[in-house]
Amino acid sequence: MRAIRFDEAEGAYVVESVDAAGTAHVHRARNLVVGVGTPPWLPEAVRDLPGVVHSSGYLGAKAALQERDAITVVGSGQSAAEIYRDLLEDVDSRGYRLDWITRSPRFFPLEYTRLTLEMTSPEYSDHFFGLPADARDVLLREQRNLYKGIDSELIDEIFQTLYRKRLAFDALRAEGGSRRAATRDPACRPGC
């Protein structure tokens, strides 16, 4: 991206960009979302291990992952939860073991209350960036739930899916089912 400006006459943002081939493009939009994020990162100890995939490469690796006997999702944020939920849906038909581990003591929901969202306003941003660096560091630690966590609806979806699969597992086991899926308890407990 080279430049962004708002064109009052059009009532639209004008975004100028250059693609990998060097061709210039101009895009117009009434709404603009800018996601700058951080570059994908894996710890050095696992970077070159086969089967290790950063969440940014998950969709491209999903089919190969689902051919494995076991898949472990690491992390406690939104991306990990989305991947776990996606893989959980096929765990019975594909027969893989699915684990989700995190160093967090629990899964934290993101906070979306209106008053809390005021902390994303331009006025609050001006206030925040006007603070000394050490005060900003303290605030960032205290405000983790604003940007670290999982959407509460997704947490509920995961719970409901685990519950539904647990009922099906118990029913199959009670009937003496011998399918491979029946040998694995889909419950998620601490440490799973």
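Read-outs throughout are calculated quantities, based only on the coordinates presented, and are distinct from any laboratory measurement. All values reported here derive from a predicted model rather than from experimental measurement. We place every Cβ from the backbone using ideal geometry, glycine too, and count neighbours over all the protein chains shown.
Overall shape: oblate for segment 99-154, with the ratio a/c of the largest to smallest alpha carbon gyration tensor axis at 1.5 or above and b/c at least equal to a/b.
For the options Ser104, Ser125, Ser152, a Gaussian network treatment of the chain with springs between C-alpha atoms closer than 10 Å singles out Ser125 as fluctuating the most.
Shape class for segment 17-121, computed from the alpha carbon gyration tensor (a ≥ b ≥ c): oblate, with a/c not under 1.5 and a/b at or below b/c. Whole angstrom only: what separates the Cα centroid of segment 96-126 from the Cα centroid of segment 48-70? Each part reduced to its Cα centre gives a spacing of 25 Å.
Result for the chain in a Gaussian network model with C-alpha springs under 10 Å: among Glu16, Glu142, Glu67, the largest mean-square fluctuation is at Glu16. In the chain, the DSSP-assigned H stretches of four residues or longer account for a calculated mean residue ellipticity at 222 nm of -10500 deg cm²/dmol, using -39500 (n - 2.57) per stretch and the full residue count as denominator. Close amide H partners of Ile150, meaning residues 5 or more places away or on another chain with modelled amide H under 5 Å apart, are Phe108, Leu110.
Over all projection directions, the Cα-based convex hull of the chain averages an area of 16.4 nm².
Considering only Ala12, Ala168, Ala64, give the residue with the highest GNM mean-square fluctuation for the chain, with springs between Cα atoms whenever their separation is below 10 Å. Comparing Ala12, Ala168, Ala64 in a Gaussian network model of the chain, the most mobile one is Ala12.
For the chain, the dipole from Cβ point charges (+1 on Lys and Arg, -1 on Asp and Glu) about the Cα centre works out to 780 debye, to the nearest 20. If the chain linking Leu117 and Asp86 were pulled fully straight, counting 0.36 nm for each residue of separation and taking away their Cα-Cα distance, it would gain 8.3 nm.
The calculated FRET efficiency for Glu67 paired with Gln160, based on their beta-carbon distance and R0 = 25 Å, is about 0.40.
Here's how it looks for Ala12: its modeled amide H is under 5 Å from those of Asp7, which are all 5 or more places away or on a different chain.
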